[in-house]
Amino acid sequence: MKSFTISTAATAALAAAVLGLAAPALAAPTGGNAADTISALEAQGNRVIVTRQSSTPLDEASVVSIHRGPIMRQSIPIPDSIGNGSRSVSSQTVYVTIK
């Protein structure tokens, strides 16, 4: 009985860890056009990559999907008094498909 309880608790903990690490889906900003959606995502500090399914201008296009990509990290040199400082900057990549 004791081993059943331990294995049940371990299974529950593993399931909670997997579900907790799942990335939440991005919701497309409602209203507006693709240009407004892209501007809103960029204003939030995201790096936006657009995939077009037609040649419709951005201000007339609609958003088909939005997906999270990798987090991009880079080091920016900031010289200090001895010349060797840097600052780490990160941003989320977001893929937007429009048509």
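When all protein chains stay in place and ligands, DNA and RNA are ignored, the 1.4 Å accessible-area order of 52, 73, largest first, is 73, 52. When 93, 51, 56 are compared by accessible area at a 1.4 angstrom probe, the order from most to least is 51, 56, 93.
With q set to 0.14, 0.24, 0.26 Å⁻¹, the log10 of I(q)/I(0) for region 28-96, from the Debye formula over equal scatterers at the Cα positions, is -0.53, -1.01, -1.12.
The values are calculated or read from the model by the stated rules, or taken from the named source; none is laboratory data. As the structure is a computational prediction, the values presented were derived from the model and not from experiment. When the accessible area is computed, the model is the full protein with side chains, heavy atoms only, and any ligands, DNA or RNA have been set aside. Shrake-Rupley method; radii C 1.70, N 1.55, O 1.52, S 1.80 Å.
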